[in-house]
Amino acid sequence: MPIATVNPATGETLRTFEPLTATAIERCVAAADAAFAVHRATSFAERAGLLHRAADLLEEDTADIARTMTTEMGKPVKAARAEAAKCVKAMRWYAEHAESLLADEHPAQDDVTDSGAARAVVRYRPLGPVLAVMPWNFPLWQVVRFAAPALMAGNVALLKHASNVPQTALYLEDLFRRAGFAEGCFQTLLVGSDAVESVLRDGRVAAATLTGSEPAGRAVASTAGDEIKKTVLELGGSDPYVVLPSADVARAAETAVTARVQNNGQSCIAAKRFIVHADVYDAFRDRFVAGMRELTVGDPMDEATDVGPLSSRAGRDDLEELVEDALAKGATALCGGQRPKEQERGWFYSPTVLADITPGMRIHREETFGPVATLYRVADLDEALALANDTPFGLSSNVWTRDDAEAERCVRDLQAGGIFFNGMTASHPGLPFGGVKRSGYGRELAGHGIREFCNATTVWYGPEDVRD
Ligand SMILES: NC(=O)c1ccc[n+]([C@@H]2O[C@H](COP(=O)([O-])OP(=O)(O)OC[C@H]3O[C@@H](n4cnc5c(N)ncnc54)[C@H](O)[C@@H]3O)[C@@H](O)[C@H]2O)c1
Ligand SMILES: O=CCCC(=O)O
C-alpha cells in the first residue's frame, strides 16, 4: 500500500510520501539506541516536564491536527478534537503518575530473610527502543497511549504508523521534538509493513507493540517470538452488548447507537453484536433502529455529521461483502444494508441493523469494522452468555442489567478483557485496556500498561551489604 494521504470523503489523493531507504532506517535505529542511553538516565521529574510540555503543545494544536486526522481517515472532526483532548489527558496522567506506578516494590520481609538477603527490592527499569506498529483508526490516541507510558518509563519509541495517516505520524514526531525530548527519543519511520520484520530483528530494538488486525499481530508476534522479544498485541474485537429485562431499555438503546457508530463504526471496542432478552427485544429494537436511522451521514468536516466515510475503499468493500453475505443467507436489514444514495463520492456506508443472524453467516464470527450492527434475540441469561462468548475475540463487553446476581454471573463468565455495566466501553488512562483470545494479549494504560515494557529487576543485597 503506498504511503499517502487519500481523503476518504472524496477518494482524492492529496499527498504521497516515499518510504525511507534502508540507510535512513538504519540511521533512525542508531539514533534510537543513542537516545535510549541518555533518556534512560533522566529523572521522572525531567520526563514529566517534557510530557507536560507535549500535552500543552497538543492542546494548542488541536484544531489543526483534528482536521488532518479527518482528512486522512474520515472521522467526524468533532470526534477528532475529542481524540486529541483524550491524548492530552493521558499525557498529563502519565506525567503525574509514572513515578509512583514504577516505584520500587518491597517484597515481604519473611521472604527477603528466607532468601538469605539483608534486603531486596524490585526495580522497574526500561527495556530500550520499542517498535510501535499502529493502526489508522485513532491515529493519535493509539500512539499516545503507548508512547506516554513508554517515554515516562525511560524507553524510546520507533513508530511505524498505518500508511494512510502519514501526516499524523509526522506530526507526532514533531510534537515530541518540540516538547524537548532528545533527538531519537520518538521517531516516525515512514515505511511499509514489509520493513517491520528487519527493524524488529535488529538487536538494538528491544520489543514491539502492535495495534491492528489479527494477521498483522500474528506476523509481528512470530518475528518477535523468533527473536525472543516482548510484545503487546491489541487486535480486533466483536464486542457483545447484552440487554437484560431489568435494564433501562431507553438508555440502553440510545447508548447502543453511539457504542456502534463511534468513529464511523471503526473502533475495536465498538459494540458490534447486540444480544437482547426476548422480554425487552421489541422495545429495544424499535428504539435502536430509530436511533440508527436518525444519524446524519456526510462530510466529516461538517460539525453536524455523526457518521463519515470509512477510511478506505477496501474497508468499505469488506463491510459491504459481509452484509451481502448475511442478506443472501436470510438476514433482514431493519435499516441500511447498502451504500447511502446521497454520497456519490467517497467510501460511505449507511448505518445498518441486521436481524435474523445465523451461525452460517460470515458476519456472525467476523469483525464488522463500520456502522453495521447485528441483533440477536435470546431467551435467558445462559443463552446470552453463550452467544456473547461465541466469538474468536475477547476484547470488551457491555451488559445492561440492574440485577446484582446477574452482573456477578457476567463477571464470572464473560470471556473479555473488560466488562462494562449499564454504559458503553471506553478507555481511560487509569484503567487497564486489552483483550483475551484473538483480541491479543498484554495490557495498555494504567500501571499495567507502563510495566509491560519494563524489566522488573530483582535487586538482592547480601547480609554483608546491609544499609539503612
Ligand atoms: N485492540 C485494540 O486496541 C485495537 C485498536 C484499534 C484497532 N484495532 C484493530 O485494528 C484493525 C484495523 O486497523 P488496520 O486496518 O490499520 O489494521 P492492520 O492490521 O491492517 O494495520 C495495523 C498496522 O499493522 C501494519 N501491518 C499490517 N500487516 C503487517 C504485517 N504483515 N507485518 C507488519 N506490520 C503489518 C500496518 O501497516 C499498520 O501499521 C481492526 O481489526 C481493529 O479491531 C484494535
Ligand atoms: O479501536 C480501539 C479503540 C481504542 C480506544 O478507544 O482506546
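Starting from the Cα gyration tensor of region 239-421, take the square roots of the eigenvalues, sort them a ≥ b ≥ c, and report rounded, prolate or oblate (rounded when a/c is under 1.5, otherwise prolate if a/b is larger than b/c, else oblate).
Details: a/c = 1.80, a/b = 1.59, b/c = 1.13.
Because a/c hits 1.5 or more and a/b exceeds b/c, region 239-421 counts as prolate.
With contacts defined as alpha carbon pairs under 8 Å and 6 or more residues apart, what's the relative contact order of the chain in percent? Spell out each step's value before the answer.
On the way: 1052 pairs, mean separation 91.8, N = 468.
RCO, the chain: 20 percent.
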| query | Using 17 Å as the cut-off for backbone N distance, which residues of region 274-305 belong to the label zone defined by a point 7 Å from the Cα of Arg339 along Cα→Cβ? | reply | 297-300
| request: Calculate how steeply helix 214-227 sits against the longest principal axis of the alpha-carbon atoms of the chain, using the helix alpha-carbon long axis, and give the answer as 0 to 90 degrees to the nearest 10. | output: 20 degrees
| said: Per residue, how much accessible surface does region 356-468 expose to a 1.4 Å probe? Answer in Å², no decimals. | reply: 47 Å²
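Restricting attention to region 301-330, which GluC sites (Glu not before Pro) occupy a DSSP loop and are surrounded by at most 11 other Cβ atoms within 10 Å?
Values: sites: Glu303, Glu320, Glu321, Glu324; in loops: Glu303.
Here the GluC sites (Glu not before Pro) that fit, given the DSSP loop and packing criteria, are Glu303.
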| Carbon/sulfur fraction of accessible area - the chain, other protein chains in place, 1.4 Å, % | 50 percent
| So if we plug the beta-carbon distance of Glu321 and Leu170 into 1/(1 + (r/R0)^6) with R0 = 25 Å, what FRET efficiency do we get, rounded to 0.05? | 0.15
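Find out how many positive minus negative residues lie around Ala253, taking Lys and Arg as positive, Asp and Glu as negative, among other residues whose Cβ is under 9 Å from that of Ala253. Intermediate values should be presented prior to the final figure.
On the way: positive: Arg251, Arg285, Arg287; negative: Glu254, Asp286.
Local charge sum for Ala253: +1.
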| query | Once the other residues with Cβ under 11 Å from the Cβ of Thr305 are scored (Lys, Arg +1; Asp, Glu -1), what is the net sum? | reply | -2
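In terms of the Cα gyration tensor, with a ≥ b ≥ c the square roots of its eigenvalues, is region 255-363 rounded because a/c is under 1.5, prolate because a/b exceeds b/c, or oblate?
Working: a/c = 1.86, a/b = 1.28, b/c = 1.44.
Cα axes put region 255-363 in the oblate bin.
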| request: With unit charges on the beta carbon (Lys/Arg positive, Asp/Glu negative), name the residue among Ile25, Gly74, Thr358 whose Cα is farthest towards the positive pole of the charge dipole of the chain. | output: Ile25
| In degrees between 0 and 90, to the nearest 10, how far off the longest principal axis of the chain does helix 22-39 point, with axes built from Cα atoms? | 60 degrees
| For q = 0.11 Å⁻¹, Debye-computed log10 I/I(0) when each Cα of the chain counts as one equal scatterer | -0.91
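Dipole size in debye (nearest 20) for the chain around its Cα centre, Lys and Arg Cβ +1, Asp and Glu Cβ -1?
On the way: 48 positive and 65 negative charges, 116 e Å.
That gives a dipole near 560 debye.
Which order do peptides 232-238, 2-8, 451-457 fall in by mean Cβ count within 10 Å, highest first? Intermediate results must be reported in sequence, preceding the final value.
Numbers: 232-238: 25.6, 2-8: 19.7, 451-457: 17.0.
Sorting 232-238, 2-8, 451-457 by mean packing, highest first, produces 232-238, 2-8, 451-457.
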| field | Residue-level accessible surface for His277, protein heavy atoms, 1.4 Å, Å² | value | 20 Å²
| message | Which one, Thr231, Pro392, Ala108, projects farthest toward the positive side of the charge dipole computed for the chain from Cβ point charges (K/R +1, D/E -1)? | response | Thr231
| query | Within region 56-96, what residues put their amide N at less than 12 Å from the label point 7 Å along the Cα-to-Cβ vector of Thr296? | reply | 77-78
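Could you rank Glu383, Glu72 by how accessible they are, 1.4 Å probe, largest area first? Could the numbers behind the result be given before it?
On the way: Glu383 80, Glu72 0 Å².
Heavy-atom accessible area, descending, gives Glu383, Glu72.
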| So for the pair Trp460, Asn389, with labels modelled 7 Å out along Cα→Cβ, what separation do we get in nm? | 4.0 nm
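Where Lys and Arg each count +1 and Asp and Glu each count -1, what net charge lies around Phe421 among other residues with Cβ under 13 Å from its Cβ?
On the way: positive: Arg251, Arg402, Arg409; negative: Asp248, Asp403, Asp404, Glu406, Glu408.
Here the charged neighbours net out to -2.
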| message | Compute the helix-to-body angle for 404-413: its Cα long axis versus the longest principal axis of the chain, expressed 0 to 90° and rounded to tens. | response | 60 degrees
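With a Förster radius of 30 Å, plug the Cβ-Cβ distance of Glu60 and Glu227 into 1/(1 + (r/R0)^6) and report the FRET value to the nearest 0.05.
Efficiency for this residue pair is about 0.15.
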| request: Mind ranking 21-27, 289-295, 163-169 by how tightly packed they are, going by the mean number of other C-beta atoms within 10 angstrom, highest first? | output: 163-169, 289-295, 21-27
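Only four residue types carry charge here, +1 at the Cβ of Lys and Arg and -1 at the Cβ of Asp and Glu. Report the dipole size of region 239-421 about the Cα centre in Debye, rounded to the nearest 20.
Details: 19 positive and 31 negative charges, 53 e Å.
With Lys and Arg at +1 and Asp and Glu at -1, about 260 debye.
Please give the FRET efficiency for Arg40 paired with Ala304, using the beta carbon to beta carbon distance and R0 = 41 Å, rounded to the nearest 0.05. Please list the in-between numbers first.
Working: r = 48 Å, r/R0 = 1.17.
Step by step, r from the Cβ atoms, then E = 0.30.
The values are calculated or read from the model by the stated rules, or taken from the named source; none is laboratory data. These numbers were taken from a predicted model, which means no experiment stands behind them. Cβ coordinates were reconstructed from backbone atoms using ideal geometry, including for glycine residues, and neighbour counts include every protein chain displayed. Accessible surface is based on the protein model in full, side chains and every heavy atom, while ligands, DNA and RNA are left aside. Shrake-Rupley method; radii C 1.70, N 1.55, O 1.52, S 1.80 Å.
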